[in-house]
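> One structure follows; several queries about it will come next.
The values are calculated or read from the model by the stated rules, or taken from the named source; none is laboratory data. These figures come from a predicted structure and were not determined experimentally. A quick note on method: Cβ atoms are made from the backbone with ideal geometry, for glycine too, and the neighbour counts reach across all protein chains shown. Each accessible area value is taken on the protein alone, full model and side chains, heavy atoms only, with ligands, DNA and RNA left out. Shrake-Rupley method; radii C 1.70, N 1.55, O 1.52, S 1.80 Å.
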Amino acid sequence: MAKDQGTIPPAAASNQPSTTGHMVIQRISPQIDCGRYRAKAIAGDRVDVGADILRDGPDLLRAVIRYRGPGETKWSEAPMDPTENDRWEGWFRPSTVGPWRYCVEAWTDDFGTWRRDLSRKAVAGQKVDLELEEGALLIESRLDGMSAEAKTSAIAWATKLRAKTRKRPDPRVIAALDDDLLVLMNAHPDRTGSTTSDVLELTVERERARFGAWYEFFPRSSGTKTKHGTLKDSHKTLRYAADMGFDVVYLPPIHPIGTAFRKGKNNKLKAGPKDVGSPWAIGAAEGGHKDVHPDLGTIEDFDELVAEAERLGIEICLDFAIQCSPDHPWVTDHPEWFNHRPDGTIKYAENPPKKYQDIYPINFDTPDRQGLWDELKSIVDFWIGHGVKIFRVDNPHTKSFAFWEWMIDGVHREHPDVIFLAEAFTRPKVMQTLAKLGFTQSYTYFTWRNYKWEIEEYLTELTRTEMAHYFRPNFFANTPDILHEYLQAGGPPAFKIRLVLASMLSPTYGIYSGFELFENVPVKEGSEEYLNSEKFELRPRSVKGKPNLVPYITRINDVRKKHPALSELTNLHFHQTDKDAIIAFSKTSPGEAPILVVVNLNPWHWEEATVELDLDVLGLDPSDPFEVHDLITDTTFVWRGAWNYVRLDPQEEPAHIFRIGR
């Protein structure tokens with residue numbers, strides 16, 4: 001209860017306040033939708049917490065962050081300090097993966113208020129004998145909570161405040177204002193009448209949830225043009241990806257593929273006898289989502305693939321697609337899980353005018369909701385049991401929001417280190433809601449952001465708004481479904497440019513195999529679909545004797561791993577340039593050399609510009625020269641001041657990745 005609250009007047013009795021303290025705590029950050037969803041953090045990172053904290057009257061306040069990790073019963077505390085306009089800030093560092101809880105507690109700082117008022121009166125030459133006695137009583141009121149050593153010290157301070165003296169300046173006032181006494185009293189606060197905010201939650205995840213380089217390939221293309229690849233054949237592709245420095249290898253569905261309405265090459269409606277079909281048409285006589293396509297091998301072969309990946313220091317990501325071919329066992333065993341037409345037939349997937357006769361979507365409004373949900377979660381549990389800790393989820397925005405929240409929370413209670421990537425290219429607020437519901441990472445609009453103003457605007461939204469607390473981008477430069485016009489027309493320089501932007505702007509980025517070989521031919525003009533799409537046929541690849549980006553990608557991934565600033569998102573800062581074709585940005589990390597990236601966005605022609613550096617952000621003195629060392633070309637330049645000239649020819653190198661040194 002708050003001190004000196006008094007009796008509530010009868011007229012207010014029918015509308016009594018829920019608390020009796022003097023403090024108001026509001027606008028806590030991070031807080032997502034008034035605490036409905038969890039903010040996100042990485043284990044070991046600093047979590048900054050802010051709040052508006054105020055009280056009635058002139059008394060001073062003190063405040064702390066209270067926080068508790070998974071399985072902990074005792075709250076830890078971190079101090080908060082006032083900044084401006086009643087805003088208070090502090091931070092704590094969660095150490096383990098799992099759900100954390102935090103809140104803010106504030107109370108009246110009786111001793112601090114007394115100390116402030118004493119100082120003012122003493123400076124004014126007023127008599128302060130009673131004030132000094134009041135201070136001694138305040139000290140003695142805290143004795144019960146002190147250790148023997150602290151109690152001895154406190155009693156000594158109280159004695160000093162009561163000592164009779166005629167000396168000037170008054171030694172009692174000097175003692176009262178001594179910083180050592182303030183430290184002692186702050187260490188033993190009186191929180192009578194404190195106010196504590198509602199408890200908020202924080203999802204704390206492992207480093208791979210934020211930082212990693214992803215490589216996507218189809219295991220069935222690891223054979224030859226005429227021979228279906230196997231999981232055993234895929235070991236060589238794992239080594240290939242690991243040698244380039246990738247951290248995660250993403251595999252499209254590896255399950256049996258239906259034959260009913262199977263699509264042919266380039267998505268033709270009629271398949272030939274040798275056409276392999278789309279991996280997303282899941283399910284056949286050989287099984288469903290918990291089975292391996294027999295042409296790929298066995299579940300034991302998959303276990304060996306996971307073990308090989310672990311040996312190479314990379315992780316396997318599996319595709320989780322909630323849909324079926326007409327041949328999936330569920331169609332017979334659980335027809336109630338599907339949508340039916342008036343004639344009794346099951347509805348196939350459509351995006352008018354497009355039709356996907358080889359795929360049946362799931363009816364999340366089925367009367368057997370619990371049975372469906374349990375089965376879907378059991379698929380994820382099954383593959384976790386086989387060593388998979390990362391899932392790329394296909395089109396989650398077309399499935400039940402409630403299901404995702406239920407499933408992800410259930411998985412994380414048992415396996416808090418599991419990562420879910422949402423492949424949802426849809427309306428912004430839908431994408432944001434999926435992230436709030438628990439998806440670890442999200443595909444983004446990066447592919448369609450190619451102009452300087454678009455990139456700066458989009459990244460500012462991702463790093464400087466509330467989204468930074470819950471939305472983690474994964475910048476894929478291409479996918480089996482997305483071959484952007486920029487790559488189609490820009491040639492090899494465009495591939496370099498998009499690679500640098502994806503890998504330097506975002507801590508997590510990815511490429512789909514073929515990117516390193518500059519594959520850029522669409523199925524037709526105006527389409528983003530690849531000609532001879534790997535979604536419908538085997539596409540074995542080899543870099544031998546072909547122009548490729550493999551050394552460049554390897555260098556980029558090495559730079560990312562050696563410079564911690566590139567593993568973060570919100571440390572991104574854009575610098576001004578005087579040409580729209582040149583973009584410049586930096587990332588900084590305490591104790592590390594800043595990284596400055598300058599990119600020519602024009603893949604067809606050289607561009608020159610003056611870059612105006614924000615020297616304060618980079619920690620540079622405007623009067624001192626400094627070195628910029630290009631981590632791609634291994635060349636060094638000496639710059640001075642904020643304005644510096646660059647010229648970038650995309651036929652040579654379209655970008656600088658500078659490490660700044662004094």
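> Starting from the stretch 153-247, pick out the trypsin sites (Lys or Arg not before Pro) whose DSSP state is loop and whose Cβ has at most 11 other Cβ atoms within 10 Å.
Lys164, Arg166, Lys167, Lys225
> What list of ³J(HN,Hα) values in whole Hz, one per residue of the stretch 651-662 in order, does the Karplus curve 6.51 cos²θ - 1.76 cosθ + 1.60 (θ = phi - 60°) give from phi, with Gly and Pro shown as x?
Whole-Hz 3J(HN,Hα) from phi for the stretch 651-662: 6, 9, 9, x, 8, 9, 10, 9, 9, 8, x, 8.
> Under a 5 Å amide H to amide H cut-off, with H placed in plane at 1.01 Å, what residues pair with Glu315 once short-range neighbours are removed?
Val248, Val249
> Further question: Give me the distance in nm between label points sitting 7 Å out from Cα along the Cα-to-Cβ direction at Asp417 and Thr460, one decimal.
Inter-label distance under the simple model: 4.0 nm.
> Residue by residue through the stretch 125-138, what is 3J(HN,Hα) from phi via Karplus (6.51 cos²θ - 1.76 cosθ + 1.60, θ = phi - 60°)? Round to whole Hz and write x for glycine and proline.
3J(HN,Hα) across the stretch 125-138, in whole Hz: x, 7, 6, 10, 4, 5, 5, 5, 5, 4, x, 4, 5, 4.
> Next up: Taking K and R as +1 and D and E as -1, what net charge do the other residues with C-beta under 13 Å from the C-beta of Pro273 add up to?
+3
> May I pose another question? If DNA, RNA and ligands are ignored and the probe is 1.4 Å, what is the ranking of Cys34, Cys317 by accessible area, most exposed first?
Correct descending sequence by accessible area is Cys34, Cys317.
> For Ile32, which sequence-distant residues (separation of 5 or more, or a different chain) have an amide H within less than 5 Å of its own amide H, given hydrogens modelled in the peptide plane?
Tyr37, Ala39
> If you place +1 on the Cβ of every Lys and Arg, -1 on the Cβ of every Asp and Glu, and leave all else neutral, what size is the dipole of the chain about its Cα centre, to the nearest 20 Debye?
160 debye
> Which percent of the accessible heavy-atom area of the stretch 339-382 goes to carbon and sulfur, probe 1.4 angstrom?
On the stretch 339-382, the fraction of accessible area on carbon and sulfur atoms equals 50 percent.
> Compute the distance in nm between two label points, each set 7 Å from the Cα along the Cα-to-Cβ direction, one at Phe637 and one at Asp649.
Output for this residue pair reads 1.5 nm.
> Over the stretch 491-591, with every protein chain in place, what whole percent of the accessible area is carbon and sulfur at 1.4 Å, could you tell me?
Answer for the stretch 491-591: carbon and sulfur cover 53 percent of the accessible area.
> Taking a temperature of 25 °C and a viscosity of 0.890 mPa s, what whole-number D in µm²/s does Stokes-Einstein yield for the stretch 510-662 with Rh from Kirkwood over alpha carbon pairs?
Diffusion coefficient, whole number: 139 µm²/s.
> Which GluC sites (Glu not before Pro) does the stretch 77-140 hold that lie in a coil by DSSP with at most 16 other beta carbons within 10 Å?
Of the GluC sites (Glu not before Pro), the ones in loops of the stretch 77-140 whose Cβ has at most 16 other Cβ atoms within 10 Å are Glu84.
> List the pairs from Lys225/Lys399; Lys225/Lys524; Lys268/Lys399; Lys232/Lys524; Lys236/Lys535; Lys74/Lys377 whose alpha-carbon separation is above 31 Å, in the order I gave them. Before the final figure, lay out the partial values.
Working: Lys225/Lys399 36 Å; Lys225/Lys524 23 Å; Lys268/Lys399 27 Å; Lys232/Lys524 35 Å; Lys236/Lys535 21 Å; Lys74/Lys377 33 Å.
Pairs exceeding 31 Å: Lys225/Lys399; Lys232/Lys524; Lys74/Lys377.
> Now, a different point. Return the calculated 222 nm mean residue ellipticity for the chain, to the nearest 500 deg cm²/dmol, obtained by summing -39500 (n - 2.57) across DSSP H runs with n ≥ 4 and dividing by the residue count.
Helix-only estimate at 222 nm: -8000 deg cm²/dmol.
> With every protein chain kept in place and ligands, DNA and RNA left out, what is the accessible area per residue of the chain? Probe 1.4 Å, answer in Å².
About 46 Å² of surface per residue is accessible.
> Here is a further query. Return the sequence-ordered ³J(HN,Hα) values of the stretch 599-613 in whole Hz as given by the Karplus equation 6.51 cos²θ - 1.76 cosθ + 1.60 applied to θ = phi - 60°, using x for Gly and Pro.
Whole-Hz 3J(HN,Hα) from phi for the stretch 599-613: 10, 8, 7, 9, x, 9, 8, 5, 9, 10, 6, 9, 9, 9, 7.
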